[in-house]
Amino acid sequence: MAIGLDLAALALGLALASALASTLTVRAPRLLRLLVLPLFGLAGAAAVAAGLVALVQGEVATAVLPLGLPWLPWQVRLDALSGFFLALIGVVTFAVGLYGPAYVRGFERGRDPLPVLGGFAGLFLAGMLLVVLADDAFLFMVAWEVMSLSSYFLVVFHHDNAANRRAAFLYLLMAHVGGLAILLGYGVLASFGGGFAFEAMRAAPLSFGWASVAFSLAFLGFGMKAGLVPLHAWLPEAHPVAPSHISALMSGVMLKVAVYGFIRFVFDLIGEVHWQWGVAVTAVGSLSALLGVLYALVQNDLKRLLAYSSVENLGIIFIGLGLALVFQGTGNSLLGTLAFVAALYHAINHALFKGLLFFGAGAILHSTHERDLDQMGGLLRRMPWTGLFFLVGALSISALPPFNGFVSEWLTFQAALQAWQLESGVLRSLIPIAAAMLALTGALAAACFVKVYGVAFLGQARSRHVRRARQVPIGMRAGQGVLAFLCLLFGVLPTAVVDLIEAVPRQILGQGLPEATAHGWLWLTPVAPATASYGAPLIALVLLVLALLAVWAARRGTLRRARRCDPWDCGFAPPGARMQYTATAFAQPLRRVFALLFRIDERVERREDGSLRHRLTVGDRAWGLFYAPVARAVESAAARIVRLQSGNVRIYLGWTLSTLLVLLWIIS
């Protein structure tokens, strides 16, 4: 297992080396793509290797670093859980190493500082790696802050735009509020465990009340970082404004680091879990999944849509974790393990297809300089490889077989459908409601990405920039291709993936899924063959045969060839780009049905030339319900505090003396 730690150290060293090498880009900008990003990609490859070693060997390796405080050295640990998330971080990072050099080439002639992009990207990766390797709360929080602060500078990279600066400030503010909640949660465990090391926290004798306090703080802190509703407000603001390869890392990877922190804290450090916690997590996860996809459905900004989609998918992951808590807390350990594996499977799946989709959005932005879906159209003809890879991502995120998104959602459904085994009638009623919300979420996600793909890639171009689009460089296509291939591989061979993931619940929960892979690589049987089974290779083979038959029939002329001519237009003008369905029109029926969930501003304006223009703004009601009142309260309090600044030195000295007397009274 020492080799696993060595590989993790290599990944960390390469990440820091890429950050250090970025200082050279001041005089030689091209070094960002020739040196910095290749080092970044190699760090990802080393992280994948370290994670696979930990998962395959299933052992635990620890080490003490000569850093930290004299009485509190930093401790690191590589086990199956940290190995899984190391591999997750590494695979997207490796793809970024392929995709990034061609994408950032245009930045070399811009005004934005390249050392900031390369340096803080390396620190961002190093922070995430250290978070999953930390074995004490001190190192964990230091790494957490490095991850949060470095990603702030990446979000504000295009700092000339005031909206980008506001989004970055909101992200930084909420990241620190969440970090404070996590720190307080660790404080509860440390006070009972007698130390900041995770080993001491595992042995802490917690009552149900104090355990619930620690759980609540952790759920608040990690849930805020994961973007769960209603703590998601920063996510659709920050992720779209970052460079696209950074958006892929933030949405595909950083959010999973929050999932890792929640799993480590709740399932590992607290120890005994309670079903009441699972009900809360399942409810919040279900709400996040449903509202996330609804907000995504009404967006026209492609990157903003993908950011809201991450809220949905993190909700699905937390549905699985909530079900695991419910089943574990009620003594149904096998079903708890199934839900836990489903959550982990969806975590790696979301990293793959969301990274792929952000790569696709970045390719479109690189070629067309457009993010507005209503300005796109016909991109499949101009960017066929990007269109193919984006289609793979869209099918995967829509949970359609034989791609990977189907497997993890199917496993989540299989866990939820076993609710009849619970003794509590309330739980037997609540879990099917969560399953129904998950089913509705899946249908809406499919509709959302039918809209995205149909409007962006099919039909006719709606703007001059899109008509001039060209295929992106081979490096960007290679990055997309790697993730697209893995989306298919993880969907066709789920038994191999489950067999690899199973090391995590065996270590954390003390039990695996013996029946899941008992029937070989052909059949996935999560509970028992009589209950449910899924033959992904057979489905993939049938679809491949049907596709080959269709191609063969078309080439042989068996299918009647279509006669190309102008369609009958009922006497109207020839159809053009303005007569196509827009993204706004596609979402209009669902926007009307769920209108209460949105803050809608819709009006028709008359231009100077007499023509009419339709304007539609769809906002997030969470702003008005949760954040605006807090902002008004803070502004009001700040206005009152300002009155203390009278400019009189004697009053300032009086306040200082009063504060000193109060502190002396408290201490004594």
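The values are calculated or read from the model by the stated rules, or taken from the named source; none is laboratory data. Here the structure is a predicted model, which is why all the values come from computation and not from measurement. Please note: Cβ atoms are built from the backbone with ideal geometry, for glycine as well, and neighbour counts cover all protein chains shown.
What do you reckon, is Leu513 buried (at least 18 other Cβ atoms within 10 Å of the Cβ), outside any helix (DSSP H, G or I) and not polar (S, T, N, Q)?
Answer is yes for this residue.
Any idea how many residues of the stretch 198-225 are over 18 Å from the mean Cα position of the chain (by Cα), touching a residue at least 60 places away in the same chain (Cβ under 8 Å), outside any loop (DSSP other than H, G, I, E, B) and buried (at least 19 other Cβ atoms within 10 Å of the Cβ)?
4
Does Val492 qualify as being of a type in the set (Val, Ile, Thr) and either within 20 Å of Thr525 (Cα to Cα) or without any contact (Cβ under 8 Å) to a residue 12 or more places away in the chain (or both)?
Judged against the criteria, Val492 is a match.
Taking the residues in the stretch 582-615 that are surrounded by 10 or more Cβ atoms within 10 Å (Cβ to Cβ) and acidic (Asp, Glu) as candidates, determine which candidate is nearest to Gly292 (Cα to Cα).
Only one residue tops the list, namely Asp601.
On the given criteria, is Gly4 at negative phi, of a type outside the set (A, V, I, L, M) and within 28 Å of the chain's Cα centre (by Cα)?
Against the criterion (at negative phi, of a type outside the set (A, V, I, L, M) and within 28 Å of the chain's Cα centre (by Cα)), Gly4 qualifies.
Just the residues that are touching a residue at least 60 places away in the same chain (Cβ under 8 Å) and over 28 Å from the mean Cα position of the chain (by Cα), please, taken from the stretch 395-436.
Those that are touching a residue at least 60 places away in the same chain (Cβ under 8 Å) and over 28 Å from the mean Cα position of the chain (by Cα): Gln421, Leu422, Glu423, Ser424, Leu427.
Say whether the condition of being aromatic (Phe, Trp, Tyr), touching a Cys at 6+ places or on another chain (Cβ under 6 Å) and in a helix (DSSP H, G or I) is met by at least one residue in the stretch 335-358.
There is at least one residue in the stretch 335-358 that is aromatic (Phe, Trp, Tyr), touching a Cys at 6+ places or on another chain (Cβ under 6 Å) and in a helix (DSSP H, G or I).
Listed here are the residues, each with its yes/no results for (1) crowded, with 20+ Cβ neighbours inside 10 Å; (2) at pLDDT below 95; (3) within 23 Å of the chain's Cα centre (by Cα).
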{"residue": "Val452", "(1), (2), (3)": "yes, yes, yes"}
{"residue": "Ala456", "(1), (2), (3)": "yes, yes, yes"}
{"residue": "Arg464", "(1), (2), (3)": "no, yes, no"}
{"residue": "Arg468", "(1), (2), (3)": "no, yes, no"}
{"residue": "Gln471", "(1), (2), (3)": "no, yes, no"}
{"residue": "Ile474", "(1), (2), (3)": "no, yes, no"}
{"residue": "Arg477", "(1), (2), (3)": "yes, yes, yes"}
{"residue": "Thr495", "(1), (2), (3)": "yes, yes, no"}
{"residue": "Asp499", "(1), (2), (3)": "no, yes, no"}
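Is it the case, given these coordinates, that Gln471 is in the same structural domain as Thr386 (by TED's automatic domain parsing) and out of contact with any Pro (no Cβ under 8 Å at 6 or more places or on another chain)?
Against the criterion (in the same structural domain as Thr386 (by TED's automatic domain parsing) and out of contact with any Pro (no Cβ under 8 Å at 6 or more places or on another chain)), Gln471 does not qualify.
Restricting to the stretch 616-628, name every residue that is out of contact with any His (no Cβ under 9 Å at 6 or more places or on another chain) and surrounded by 11 or more Cβ atoms within 10 Å (Cβ to Cβ).
Correct list: Leu616, Val618, Gly619, Arg621, Trp623, Gly624, Leu625, Phe626, Tyr627, Ala628.
One residue is enough: does the stretch 34-54 have a residue meeting the conditions of a type outside the set (Asp, Glu) and either at pLDDT below 90 or exposed (fewer than 15 other Cβ atoms within 10 Å of the Cβ) (or both)?
Checking the stretch 34-54: at least one residue is of a type outside the set (Asp, Glu) and either at pLDDT below 90 or exposed (fewer than 15 other Cβ atoms within 10 Å of the Cβ) (or both).
What do you reckon, is Gly362 buried (at least 24 other Cβ atoms within 10 Å of the Cβ), part of a helix (DSSP H, G or I) and either more than 22 Å from the chain's Cα centre (by Cα) or at pLDDT 95 or above (or both)?
Considered against the rule, which asks whether it is buried (at least 24 other Cβ atoms within 10 Å of the Cβ), part of a helix (DSSP H, G or I) and either more than 22 Å from the chain's Cα centre (by Cα) or at pLDDT 95 or above (or both), Gly362 comes out as no.
Within the stretch 429-443, is even one residue within 21 Å of Phe318 (Cα to Cα), in contact with a Pro (Cβ under 6 Å, 6 or more places away or on another chain) and buried (at least 23 other Cβ atoms within 10 Å of the Cβ)?
No: zero hits.
Filtering the stretch 55-81 down to residues that are under 27 Å from the mean Cα position of the chain (by Cα) and part of a helix (DSSP H, G or I), which residue is surrounded by the fewest Cβ atoms within 10 Å (Cβ to Cβ)?
Filtering the stretch 55-81 for residues that are under 27 Å from the mean Cα position of the chain (by Cα) and part of a helix (DSSP H, G or I), the one surrounded by the fewest Cβ atoms within 10 Å (Cβ to Cβ) comes out as Val56.
So which residues in the stretch 138-166 are surrounded by 24 or more Cβ atoms within 10 Å (Cβ to Cβ) and more than 19 Å from the chain's Cα centre (by Cα), if there are any at all?
Answer for the stretch 138-166, where residues must be surrounded by 24 or more Cβ atoms within 10 Å (Cβ to Cβ) and more than 19 Å from the chain's Cα centre (by Cα): Leu139, Phe140.
Criterion first (at pLDDT 90 or above, buried (at least 24 other Cβ atoms within 10 Å of the Cβ) and assigned to a helix (DSSP H, G or I)) does Ala21 satisfy it?
So Ala21 does not fit the description; no.
Would you mind finding the one in Asp135, Asp112 that is crowded, with 20+ Cβ neighbours inside 10 Å, among the acidic types (Asp, Glu), in contact (Cβ under 8 Å) with a residue 40 or more places away in the chain and outside the structural domain of Arg470 (by TED's automatic domain parsing)?
None of the others qualify; the one that does is Asp135.
Taking the condition of being in a helix (DSSP H, G or I) and more than 13 Å from the chain's Cα centre (by Cα), how many residues in the stretch 231-256 meet it?
Going through the stretch 231-256 one residue at a time, the tally reaches 4.
Grab the helices (runs of 4 or more DSSP H) fully contained in the stretch 382-501, keeping just those with 3 or more residues being farther than 30 Å from Val104 by Cα.
Here the list reads 404-416, 425-457, 494-501.
Tell me yes or no: at least one residue of the stretch 162-180 is in a loop (DSSP other than H, G, I, E, B), modelled with pLDDT under 90 and not aliphatic (A, V, I, L, M).
The answer is no, given that none of the residues of the stretch 162-180 is in a loop (DSSP other than H, G, I, E, B), modelled with pLDDT under 90 and not aliphatic (A, V, I, L, M).
Among the residues of the stretch 226-244, how many are free of Cβ contacts under 8 Å to residues at least 60 places away in the same chain and among the acidic types (Asp, Glu)?
Qualifying residue count, the stretch 226-244: 0.
Please state which of the following conditions Leu228 fails to meet, knowing it meets all the rest: (1) modelled with pLDDT of 90 or more; (2) assigned to a helix (DSSP H, G or I).
(2)
Every residue, every condition in (1) modelled with pLDDT of 65 or more; (2) outside any loop (DSSP other than H, G, I, E, B); (3) under 30 Å from Asp301 (Cα atoms), yes or no:
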site: Leu543; (1), (2), (3): yes, yes, no
site: Ala547; (1), (2), (3): yes, yes, no
site: Ala550; (1), (2), (3): yes, yes, no
site: Arg561; (1), (2), (3): no, no, no
site: Gly571; (1), (2), (3): no, no, no
site: Arg578; (1), (2), (3): yes, yes, yes
